[in-house]
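First up is the structure itself, then whatever we jot down about it.
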Amino acid sequence: MADFKGRALKMHYVEQGEGPSVVFVHGLVMDHTMYEAQFEDLPDSYRCIAVDLRGHGHSQTPPGPWSMQDAVVDIIEFIEGVHAAPCHLVGMSWGGMIALRIAVQRPELARSLVLIDTSAAAEDPALAELRRTFFMEPIAAHGMTDELIAASIPILFGPAYAADEQAMAVYADRVKTMKREAIVEGLRAVLERDSVLDRLGEIRVPTLVIHGEKDASIAVSEAEAIANGIPGAELVQIPDAGHSTPLEAPDAVNAALAKFFARSS
């Protein structure tokens, strides 16, 4: 485990293995541990690096408001600072939104792109308002209560994984110990993001799109739009997985990653 001091904050990360760099970026209210299963398989051939986003895991929480671009700059600085470029850049949900923007803004940093359970579009206005009303505002006032945690579970996880009591206990413990401003500002960055759909054609690195078929947070159609927009992109849909595919279907994700990286390296 180590820390990297960036422009705005100190970022925590874990690293294992040697070879071409793979940088893993997690989703909202997750942390680097969501990629533990990938670290079990890939470090034999790759330098695997998983970073905690601002306000998540052991990284610092800078003052708000946060934008999507703030998180993008964090990861650009991180990739450069730990000398990981060009890397296989893997992002899930919020992490995938960040990875997409890095591939557009700084294409030389990415050897390839893996986009998991994510979207290139702006948030639907009606859904954004709903999530502000039922999640962002109550969290700002009260933190992650048991009621909010219960309401978030079917959004973040498929039914099979949500039925795992131990996994849900780990999730609940993590979000209860997070600073409420980190969850609120992370939500702000995601809900207020701009669309990059019209820039997907600019991405020229090999791209793999992975999406859980039972994702209740981001529809499979969003993954299809990304795969159709990036030249040569491949789409892999994971049966029975929800929004957190690396956790829910690690064997399927690892198999897809190993095959893709072998071709892209």
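The values are calculated or read from the model by the stated rules, or taken from the named source; none is laboratory data. Everything numeric here is computed off the predicted structure, so don't read it as measured data. As a convention, Cβ positions derive from the backbone with ideal geometry for all residues, glycine included, and neighbour counts pool all protein chains shown.
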Restricting to the stretch 182-217, count the residues that are surrounded by fewer than 21 Cβ atoms within 10 Å (Cβ to Cβ), out of contact with any Gly (no Cβ under 8 Å at 6 or more places or on another chain) and either farther than 20 Å from Q105 by Cβ or among the charged types (D, E, K, R) (or both). 8
Helices (runs of 4 or more DSSP H) completely within the stretch 182-264 that count 1 or more residues being free of Cβ contacts under 8 Å to residues at least 24 places away in the same chain: 220-229, 250-264
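Residue by residue, here is whether (1) touching a helix residue (DSSP H, G or I) at 6+ places or on another chain (Cβ under 7 Å); (2) crowded, with 21+ Cβ neighbours inside 10 Å holds:
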position: Q69; (1), (2): no, no
position: M92; (1), (2): yes, yes
position: R106; (1), (2): yes, no
position: V114; (1), (2): yes, yes
position: R131; (1), (2): yes, no
position: A141; (1), (2): no, no
position: P159; (1), (2): no, no
position: K176; (1), (2): no, no
Given the criteria charged (D, E, K, R) and more than 20 Å from P231 (Cα to Cα), does D124 qualify? yes
Going by the conditions given, is R188 among the charged types (D, E, K, R), within 22 Å of T245 (Cβ to Cβ) and modelled with pLDDT of 95 or more? no
Within the stretch 117-126, is even one residue surrounded by 17 or more Cβ atoms within 10 Å (Cβ to Cβ), within 20 Å of H56 (Cα to Cα) and in contact with a Gly (Cβ under 8 Å, 6 or more places away or on another chain)? yes
Any chance E137 is surrounded by fewer than 17 Cβ atoms within 10 Å (Cβ to Cβ), of a type in the set (D, E) and part of a helix (DSSP H, G or I): yes
Any pair with Cβ under 7 angstrom, 6 or more apart, that starts in the stretch 145-163 at a residue that is under 13 Å from L247 (Cβ atoms) and ends at one that is aliphatic (A, V, I, L, M) and not in a helix (DSSP H, G or I): G158/A241
